[in-house]
1. Could you identify the single residue in ASN59, ASN41 that is at pLDDT 90 or above, within 21 Å of VAL89 (Cβ to Cβ) and either among the aromatic types (Phe, Trp, Tyr) or touching a Gly at 6+ places or on another chain (Cβ under 8 Å) (or both)?
2. Test of understanding: among GLU87, GLU14, which residue is out of contact with any His (no Cβ under 9 Å at 6 or more places or on another chain) and either on the phi > 0 side of the Ramachandran plot or at pLDDT below 90 (or both)?
3. Restricting to region 43-74, what's the tally of residues that are among the charged types (D, E, K, R), in contact (Cβ under 8 Å) with a residue 24 or more places away in the chain and assigned to a loop (DSSP other than H, G, I, E, B)?
4. When residues of region 45-82 are filtered for being within 14 Å of TYR100 (Cα to Cα) and β-branched (Val, Ile, Thr), how many remain?
5. Counting only residues that are in a helix (DSSP H, G or I), out of contact with any strand residue (DSSP E or B) (no Cβ under 9 Å at 6 or more places or on another chain) and without any contact (Cβ under 8 Å) to a residue 12 or more places away in the chain, which one in region 89-121 is farthest from ASN38 (Cα to Cα)?
Amino acid sequence: LTPHIGGSTLEAQESIARYVSQKFIDYINTGSTTGSVNLPNIQLPQLEKAHRLLHLHHNTPGILAKINNILAKNKINILGQYLKTNEEVGYVITDVDKRYNKRVIEELGRIKNTIRFRVLY
């Protein structure tokens, strides 16, 4: 995550610390992965009046369809959706209406090839 720098001045180290800290905050608060070297890079807008479902998975065909089928089956309205992949992993971000059965979260986390799943409230 830290950029390569030619010097190791105190100012440079402080700048890197601020940069890395902000990237972690962005990931925790919005799910954004901009600047990541091991995840697909995606910059996301702030979450407003929705819950954000973050689904990291092995890059295999059909994951997006499985996610959407679960949401449709449970009549959950999708407000926004983003997909980004690299050779190894895929990252699906889905903003949904706040009204849904919480069992859906368990079902989404059990999709085959899921690496990590979490919800931003």
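The values are calculated or read from the model by the stated rules, or taken from the named source; none is laboratory data. What you see is a predicted model; the values in this text were computed from it and never measured. Using ideal geometry, Cβ is built from the backbone for each residue, glycine included, and neighbour counts are taken over all protein chains shown.
1. Going through ASN59, ASN41 in turn, the sole match is ASN59.
2. Result: GLU14 is the single residue among GLU87, GLU14 that is out of contact with any His (no Cβ under 9 Å at 6 or more places or on another chain) and either on the phi > 0 side of the Ramachandran plot or at pLDDT below 90 (or both).
3. Qualifying residue count for the region: 1.
4. The number of residues fulfilling the criteria is 3.
5. Restricting to residues being in a helix (DSSP H, G or I), out of contact with any strand residue (DSSP E or B) (no Cβ under 9 Å at 6 or more places or on another chain) and without any contact (Cβ under 8 Å) to a residue 12 or more places away in the chain, the top hit is ARG103.
So that you can scan it fast, the table gives a plain yes or no per residue for (1) in contact with a Leu (Cβ under 7 Å, 6 or more places away or on another chain); (2) surrounded by fewer than 16 Cβ atoms within 10 Å (Cβ to Cβ); (3) within 18 Å of LEU44 (Cβ to Cβ):
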| residue | (1), (2), (3) |
| --- | --- |
| ILE67 | yes, no, yes |
| LYS73 | no, yes, no |
| ILE76 | no, no, no |
| LEU83 | yes, yes, yes |
| ILE93 | yes, no, yes |
| ASP97 | yes, yes, yes |
| VAL104 | no, no, no |
| THR114 | no, no, no |
| ARG118 | yes, yes, yes |
